[in-house]
Amino acid sequence: MRCPYCDKPDTRVIDSRQTEDGYVVRRRRVCDACGKRFTTYESAEASILMIVKKDGRREAFERKKVINGLKKACEKRPVSMGEIEDIAARIEQKLYALGEKEVLSDRVGEFVMDELRKTDQVAYIRFASVYREFADVEKFAEEIDALRKHSAHSAGRTIQIAIDGPSGAGKSTIAKGVAAKLGIDYIDTGAMYRAMALKVKRTGTDASDEAALAELLADTEIDFEDGQVTLDGEPVESEIRTPEISEGASVIAAIGIVREKLVDAQRAIGRSKNVVLDGRDIGTHVFPDSKYKFYLTATAEERASRRYKELKDRGEDVTFEEVLKDVQERDYRDMTRDVDPLRKADDAVEIDSTNMTIDEVVNFVVDSLNK
Ligand code: DC
């Protein structure tokens, strides 16, 4: 379109908006030659697919809107952004394949539901319940019933990706990266032992007094909120990464009654949804039937030097020798304790990360899942 000010042909669209009746598009343009802005009113081109809403209004089809609807339905579900984009592209293709200039919005909704039904039942029910406003209650009752039956039999259907290994091997960084890539939750089981150690410290409990510890455990709630560990409902992430708590966690993690309580909680979380868990005994004890087990290692020196850097960056006053000694002591305690000692599960894939970058390890894990 030519510029009304300088009559040059190079003008660009800044944004477009449908007017109320949907047949006219209001566009703001800018002229590249003189820099002036102007507004035009143009008839919606024949090539634009128009969506007719329930109240009769029309708007141009936008894939972005379909993606937004899908994203909402798939929130916290194991559906990646890539899958959502693929679904939206398929829906767009189907709509254009109808060969019509106008399509009822209901039709778009049906296409979305068809796709979600095949992808993720919960996302499907979420979308459908809002979209159909529970218009067809009977049909919903049937579908929700089927979903309930399906989940009753599907305790083993959620996936648990176990990443075990010694302290400082980079398990949490890798587990977080894998979880983010797959769009599923990450459970830091070490943080649970750390939170328990914090409770022991705060209450001044003698961890070697089994009766006192049992009483304390019964009065303690450890969970996760927005990916952060909570102790009795309080987020404690910032308090559990000190050398003192590392030491305390390693000590209480060797006590049977502590492990029983925390392992029960880990199983409950891991069965309810797809998760990546990192720890010491996930593949050997917490989820021994998991199909996806990794054992991440690196030399003690490499692990100590990573932790040393981390502590220094945080302003802690430590020497490399102290950190190395601490790593070696924790390895010894974690590997030689009586209950669920750290060891590689026979069917775990071992990864030595000494000379690998974070991305390399994350990609290796994700690629191995498809094999
Ligand atoms: O991974 P981390 O350093 O945050 O773990 C803290 C302590 O908890 C560590 O000494 C080992 C112990 N632990 C465990 O025994 N079992 C797990 N699944 C996770 C951690």
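Of everything in the stretch 356-368, what is open to solvent by 30 Å² or more (accessible area, probe 1.4 Å) and either assigned to a helix (DSSP H, G or I) or closer than 15 Å to K293 by Cβ (or both)? Give them in sequence order.
Here is the first cut: in the stretch 356-368, the residues open to solvent by 30 Å² or more (accessible area, probe 1.4 Å) are 356-360, 363-364, 367.
If the condition is that a residue be open to solvent by 30 Å² or more (accessible area, probe 1.4 Å) and either assigned to a helix (DSSP H, G or I) or closer than 15 Å to K293 by Cβ (or both), then I358, D359, E360, N363, F364, D367 are the ones that fit.
For the stretch 241-259: of the residues being closer than 19 Å to K312 by Cβ and open to solvent by less than 50 Å² (accessible area, probe 1.4 Å), which is farthest from the ligand (Cβ to nearest atom)?
The selected residue is T242.
With the requirement that a residue be among the small types (G, A, S) and in contact (Cβ under 8 Å) with a residue 60 or more places away in the chain, what does the stretch 208-254 give you?
Filtering the stretch 208-254 down to residues among the small types (G, A, S) leaves 208, 211-212, 214, 218, 227, 233, 238, 246, 248-250, 253-254.
Hits for the stretch 208-254 are S246, S250, A253, A254.
Looking only at the stretch 281-322, which residues are of a type in the set (V, I, T) and more than 13 Å from the ligand (Cβ to nearest atom)?
Start the filter on the stretch 281-322 by keeping residues that are of a type in the set (V, I, T), which leaves 282, 284, 286, 297, 299, 318-319.
Answer for the stretch 281-322, where residues must be of a type in the set (V, I, T) and more than 13 Å from the ligand (Cβ to nearest atom): T297, T299, V318, T319.
Would you say G233 is within 12 Å of the ligand (Cβ to nearest atom) and either crowded, with 20+ Cβ neighbours inside 10 Å or farther than 25 Å from K309 by Cβ (or both)?
Working: within 12 Å of the ligand (Cβ to nearest atom): no; either crowded, with 20+ Cβ neighbours inside 10 Å or farther than 25 Å from K309 by Cβ (or both): yes.
Spelling it out, it is not the case that G233 is within 12 Å of the ligand (Cβ to nearest atom) and either crowded, with 20+ Cβ neighbours inside 10 Å or farther than 25 Å from K309 by Cβ (or both).
Got a number for residues in the stretch 178-192 being open to solvent by 20 Å² or more (accessible area, probe 1.4 Å) and assigned to a helix (DSSP H, G or I)?
Going through the stretch 178-192 one residue at a time, the tally reaches 4.
Could you grab the pairs with beta carbons closer than 9 Å, sequence gap of 6+ or different chains, first residue in the stretch 295-317 and without any contact (Cβ under 8 Å) to a residue 24 or more places away in the chain and within 21 Å of E239 (Cβ to Cβ), second one acidic (D, E) and not in a helix (DSSP H, G or I)?
Short answer, once both residue conditions are applied: E310/E316.
Does K53 qualify as being open to solvent by 90 Å² or more (accessible area, probe 1.4 Å) and either over 30 Å from A179 (Cβ atoms) or modelled with pLDDT of 85 or more (or both)?
Details: open to solvent by 90 Å² or more (accessible area, probe 1.4 Å): no; either over 30 Å from A179 (Cβ atoms) or modelled with pLDDT of 85 or more (or both): yes.
Criteria not met by K53.
Right, K293: open to solvent by 40 Å² or more (accessible area, probe 1.4 Å) and of a type outside the set (A, V, I, L, M) or not? Full working, then the answer.
Details: open to solvent by 40 Å² or more (accessible area, probe 1.4 Å): no; of a type outside the set (A, V, I, L, M): yes.
Spelling it out, it is not the case that K293 is open to solvent by 40 Å² or more (accessible area, probe 1.4 Å) and of a type outside the set (A, V, I, L, M).
Mind listing whichever residues of the stretch 195-210 are at pLDDT below 95 and either of a type in the set (S, T, N, Q) or open to solvent by less than 30 Å² (accessible area, probe 1.4 Å) (or both)?
A207, S208
What number of residues within the stretch 293-330 satisfy the criterion of being of a type in the set (A, V, I, L, M) and at pLDDT below 90?
Restricting attention to the stretch 293-330, the residues satisfying the condition of being of a type in the set (A, V, I, L, M) are 296, 298, 300, 304, 311, 318, 323-324, 327.
If we keep only those that are at pLDDT below 90 as well, we get 311.
The number of residues fulfilling the criteria is 1.
Please go through the stretch 329-346 and give me each residue that is exposed (fewer than 15 other Cβ atoms within 10 Å of the Cβ) and either within 15 Å of the ligand (Cβ to nearest atom) or in contact (Cβ under 8 Å) with a residue 60 or more places away in the chain (or both), ordered by number.
Step one: of the stretch 329-346, the residues exposed (fewer than 15 other Cβ atoms within 10 Å of the Cβ) are 329, 332, 335-336, 338, 346.
Selection gives E329, Y332, M335, T336, D338.
Scanning the stretch 260-280 for residues that are surrounded by fewer than 21 Cβ atoms within 10 Å (Cβ to Cβ) and of a type in the set (K, R), which turns out farthest from the ligand (Cβ to nearest atom)?
K273
Only one of these is more than 30 Å from I84 (Cα to Cα) and more than 15 Å from the ligand (Cβ to nearest atom): A180, A218, A207, A195. Name it. So that I can check it myself, show each step before the final result.
Numbers: A180 fails: more than 30 Å from I84 (Cα to Cα); A207 fails: more than 15 Å from the ligand (Cβ to nearest atom); A195 fails: more than 15 Å from the ligand (Cβ to nearest atom).
Sole residue among the options that is more than 30 Å from I84 (Cα to Cα) and more than 15 Å from the ligand (Cβ to nearest atom): A218.
Pairs needed: first member in the stretch 356-371, touching a residue at least 24 places away in the same chain (Cβ under 8 Å); second member anywhere, open to solvent by less than 60 Å² (accessible area, probe 1.4 Å) and of a type in the set (S, T, Y); C-beta distance under 7 Å; at least 6 residues apart or different chains.
From the stretch 356-371, the pairs are V361/S353; L369/Y292.
The values are calculated or read from the model by the stated rules, or taken from the named source; none is laboratory data. All figures in this text were calculated on a predicted structure; none of them were measured in a lab. Ideal geometry is used to build each Cβ from the backbone, glycine not excepted, and the neighbour counts take in all protein chains shown. The accessibility values were calculated without ligands, DNA or RNA, using every heavy atom of the protein model including side chains. Shrake-Rupley method; radii C 1.70, N 1.55, O 1.52, S 1.80 Å.
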